[in-house]
Amino acid sequence: MLKKTSLALGGAALFLAWNGLLLLFLWSRPGALPGPQSPPQAPGSRLLPAQLLQLAQDAEAELRLQRELLLQIQKFSQQQQQQQQRRQKTPKPPQIAASAEAEPPVIPVLVLACDRSSVRRCLDKLLRYRPSARRFPVIVSQDCGHAETARVIASYGQAVAHIRQPDLSDVAVPPEHRKFQGYYKISRHYRWALGQVFRTFRYRAAIVVEDDLEVAPDFFEYFQAVLPLLQRDPSLWCASAWNDNGKEALVDAGRAELLYRTDFFPGLGWLLLAELWDELEPKWPAAFWDDWMRQPEQRRGRSCVRPEVSRTMTFGRKGVSHGQFFDQYLKFIKLNDRFVPFTQMDLSYLKKDEYERFFLQQVYSAPEVKLEELQKEAGKGLGAVRLQYRGRDSFKALAKALGLMDDLKSGVPRAGYRGIVSFVCRGRRVFLAPPSDWTGYDPSWS
């Protein structure tokens with residue numbers, strides 16, 4: 001910019017000098033137009049021809065024009081220099097931040113596998129729905145050393161990265177936990193696999209799924225959209241694809257775009273940041289890692305984002321839990337079947353202050369009803385209502401009667417936020433809620 005300005009100034013100055021010389025030449029020629037002090041014209045001399053006089057006047061006008069132009073160029077040059085000085089004084093953002101804004105972030109999907117050759121069902125859907133192999137690399141971490149499962153994973157070639165847990169030995173467990181050996185191995189595998197993602201591969205975020213999960217068409221769209229929320233809101237520590245009360249009769253499938261905050265760690269397809277792993281890795285538990293995540297010492301008052309309609313479903317009845325909850329709840333979870341363009345939506349309503357302002361108002365302005373009223377009325381098309389509970393036993397009785405999961409972890413109900421569980425009953429939005437003067441969770445409710 002400065003080089004172009006110098007050239008322009010030089011050109012203008014040269015033009016002025018040329019026109020000045022031209023005028024000097026014209027006025028100094030014999031017979032030039034006399035000035036006020038010029039001697040009388042000699043007899044026989046003739047006046048400057050009309051066209052030459054016009055030329056001189058034009059040159060003088062051009063000189064004035066060029067002078068104005070020169071002043072404008074000088075002013076523009078000064079402005080450019082001032083802007084350049086301001087830019088030099090203002091610190092530039094780090095290059096990595098500029099790159100992150102220019103391109104969507106890379107979010108790997110970590111698939112925890114063991115001895116299920118049905119991992120193919122999980123991988124097929126992941127590869128079918130992911131919008132970009134570069135932005136969503138799939139890493140399959142295999143424990144157990146199961147040969148058939150290893151062959152299935154290898155059949156995908158370069159489409160997935162296959163890593164193997166090196167330690168397949170039994171874990172030393174207390175005698176009373178001998179039957180829980182599988183839970184110890186799973187926790188060990190999680191620690192190793194997450195360490196590979198965040199320490200060896202150095203990713204800044206990751207989506208974690210297990211080999212018995214099938215994903216929805218907008219699974220990647222959802223996580224791509226909620227990632228910035230986790231990065232900007234320290235009151236959030238994860239985003240999950242799962243709704244614990246996501247059975248078809250309990251959700252509004254027509255409102256698949258609805259997202260909530262929840263104090264319950266859902267798992268079953270979840271997103272975490274590298275900063276969270278920095279916090280959790282040094283104290284990672286020997287077993288039962290998901291329930292450990294739900295303890296107040298780990299949660300530290302933070303919440304997760306979860307959807308109205310789940311973006312994962314589990315098809316793994318067989319496992320270390322021996323099908324616990326599968327036949328009663330998990331196999332009935334509604335998997336979202338339409339694409340919601342989350343990245344084009346404003347999700348700022350999920351920030352803590354905004355969310356509590358509108359969500360709590362919505363809950364506690366809803367009329368309170370009794371269970372009997374709710375069960376006998378067809379509620380489709382009617383407004384939201386509130387069922388109130390006042391203790392652990394009251395909550396469990398209402399949840400069981402309504403088909404909700406009634407277990408609590410460290411006092412937190414599944415899918416609950418500030419003790420409130422949102423669901424649909426007979427087509428009507430219902431909030432199972434504590435009194436409005438709720439003061440916090442009681443860990444003894446378990």
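Observations
- Of all accessible heavy-atom area on the stretch 198-255, the percent that carbon and sulfur account for (1.4 Å): 44
- Per-pair calculated FRET efficiency, R0 = 25 Å: S117 and A172 via Cβ, rounded to 0.05: 0.25
- Backbone N within the stretch 418-441 under 15 Å of label point (7 Å from K380 Cα along the Cβ vector): 424-429
- All Cα-Cα separations within the stretch 214-327 were binned at 5 Å from zero, giving a P(r) of 2, 10, 20, 23, 19, 16, 7, 2, 0, each value a whole percent of the pairs.
- Between D353 and R135, full extension at 0.36 nm per residue minus the direct alpha carbon distance yields a gain of 75.3 nm.
- Placing a pseudo-label 7 Å from each Cα along the Cα-to-Cβ vector at A159 and R199 gives an inter-label distance of 3.2 nm.
- In the context of the full set of protein chains, the stretch 109-334 has a per residue accessible area of 41 Å² (1.4 Å probe).
- FRET efficiency, D327 to K283 (Cβ-Cβ, R0 35 Å, nearest 0.05): 0.55
- Diffusion coefficient, µm² s⁻¹, Stokes-Einstein with Kirkwood Rh over alpha-carbon pairs of the stretch 119-227 at 20 °C and 1.002 mPa s: 139
- A protection proxy built from the mean count of other Cβ atoms within 10 Å ranks the segments 357-365, 238-246, most packed first, as 238-246, 357-365.
- Alpha-carbon radius of gyration plus Dmax, which is the widest Cα pair, for the stretch 109-334 in Å: 16.9, 50
- Nitroxide proxy distance, nm - points 7 Å out along Cα→Cβ at K400 and Q295: 2.8
- In sequence order, calculated HN-Hα J values of the stretch 342-352 (Karplus, 6.51, -1.76, 1.60; Hz; x Gly/Pro): 4, 5, 9, 9, 8, 9, 5, 5, 7, 5, 3
- The calculated P(r) of the stretch 366-433, using every Cα pair and 10 Å bins from 0, goes 21, 58, 20, 1 in percent.
- Net charge over other residues, Cβ less than 10 angstrom from the Cβ of P341 (K, R count +1; D, E count -1): -3
- Dipole-positive endmost among A133, F180, P166 within the stretch 109-334 (Cβ charges, Cα centre): A133
The values are calculated or read from the model by the stated rules, or taken from the named source; none is laboratory data. These numbers come from a predicted model, not from an experiment. With ideal geometry, Cβ positions are generated from the backbone for all residues, glycine too; neighbour counts draw on all protein chains shown. Remember, those area values only see protein heavy atoms, side chains included, never the ligands or the DNA or RNA. Shrake-Rupley method; radii C 1.70, N 1.55, O 1.52, S 1.80 Å.
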